[in-house]
Each structure stands twice: as C-alpha cells, then as structure tokens.
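K.L.:
My questions all concern the structure below.
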Amino acid sequence: MEQLSPAERAAFVLHDVFAVGFDEIAPALDRSPEAARQLASRARRRVRDGGRRGPVDPAEHHRVVTAFTAAATGGDLAALVALLDPEVVWHADGGGVVHAVRRPVLGALHVSRLLRKLTTRWIGPEQPLVPAVVNGEAGAVWYAAPGTVGGVMAFTVENGLITAAYVMVNPEKLGHLAAE
C-alpha cells in the first residue's frame, strides 16, 4: 500500500474496502468518476503485483528526463508541467543541513509550483542542471556553483510521464561526487 499514490490509495480503500461508489469518490479526489475508477484499478493491480511496476524502456526514461532537464534549464514551466503525471510525488532530502521540502509534495499542481520556485531561484548559467546517470538510469545533477555538486535527481517514469522525483541536496551525502 505504501507504493500507491495518495489518490490511488483513497480510491482503492474507499471502493474496495468500504464499497463507496466512484460517483461519491470522484468529488473527494477532484476527479471524474472514470478517473477515480482508473485510480482504483491501477491500485488494485499494484497491490496484486506486490507494488512492483513494470520495467520502463531506458530510451523512454532518457527522453523524458532529458526533456525535463532542458525545460528546467530553459525556464519552460509549461513543458515541465507537461512531463508530470497528475499524481507525481516529489521527495527531497536536505538532511537538516540545507533547506529542502520536509514532506513529499503531491500532485502536478503542487510540484509545478515548487518547480517554478526552484527553477527561477536556483538554476542558471552558473548553477546548471545537467543530465547524468543516477542509480543506473537517466537523472540529473545540479551544480550549486562551478565544480560544486548541489543536488542529484532521480526519476520514476511511467507512460512517458514523471511519476516520482527523488532529490538529494544533503551536502554530507554529496561530498563524494566528482565535480563537472
């Protein structure tokens, strides 16, 4: 159940456990009844499969992450939002050493607002976000200053959209990384 998005979990529990109809669930999730039905179906499938998601084509993963990096670097918020799944979850770890969101940010609207702040404040010619291999997949590295790694981003991609982002900005965990 931990692997489910909040909306998937709510639709699944309300419908499958408490027998609430999708017409009643939809307004609570700010979705259509069809979308609520799809959330419950996806949740049911993930629970049945033990939370495992299918393998992602590495080329698709690379394409999506490269597009995300280009949009973030170019300040194209509309392109960034277009790459986000409606149920995207943004995780960050500052380790209490640097400022980072304390709790996961849920949903494309909230993540896009966060991205607007991050891209305008922290990404630029002296602070680039560049594609990199992170945990064996396409990801990104952000340089806080020339030669200084400020953060590392890893992504989960499904159906051509980013469903989760994992951001490490804790300098104690980044010190071992080589400079650009």
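K.L.:
Whole number in Å², please: accessible area per residue of region 13-115, 1.4 Å probe, ligands, DNA and RNA not counted.
P.N.:
So region 13-115 comes to 58 Å² accessible per residue, rounded to a whole number.
K.L.:
Moving on to the next point. Using a 1.4 angstrom probe on the protein heavy atoms only, line up Ile162, Ile123 by accessible area, largest first.
P.N.:
Ranked from most to least accessible, the order is Ile123, Ile162.
K.L.:
In terms of the Cα gyration tensor, with a ≥ b ≥ c the square roots of its eigenvalues, is the chain rounded because a/c is under 1.5, prolate because a/b exceeds b/c, or oblate?
P.N.:
Here the chain falls in the prolate category.
K.L.:
Under a 10 Å cutoff between Cα atoms, tell me which one of Ala165, Ala28, Ala71 has the largest fluctuation in the Gaussian network model of the chain.
P.N.:
Ala28
K.L.:
Sticking with this structure for a sec: By the gyration tensor of its Cα atoms, with a ≥ b ≥ c the square roots of the eigenvalues, what is the shape of region 50-116: rounded for a/c under 1.5, prolate for a/b over b/c, or oblate?
P.N.:
Taking the square roots of the gyration eigenvalues as a ≥ b ≥ c, region 50-116 is oblate.
K.L.:
Another question about this same structure. Hey, if we sort Phe68, Phe18, Phe12 by accessible area with the 1.4 Å probe, largest down, what's the order?
P.N.:
From most exposed to least exposed: Phe18, Phe12, Phe68.
K.L.:
Give me the percent of accessible area attributable to carbon and sulfur for the chain, probe 1.4 angstrom.
P.N.:
56
K.L.:
Antiparallel versus total DSSP beta bridges in the chain: what percent is that, nearest 5?
P.N.:
Of those bridges, close to 80 percent are antiparallel.
The values are calculated or read from the model by the stated rules, or taken from the named source; none is laboratory data. Given the structure is predicted, the values throughout are model-derived calculations rather than measurements. Protein only, heavy atoms only, side chains kept; ligands, DNA and RNA dropped before computing areas. Shrake-Rupley method; radii C 1.70, N 1.55, O 1.52, S 1.80 Å.
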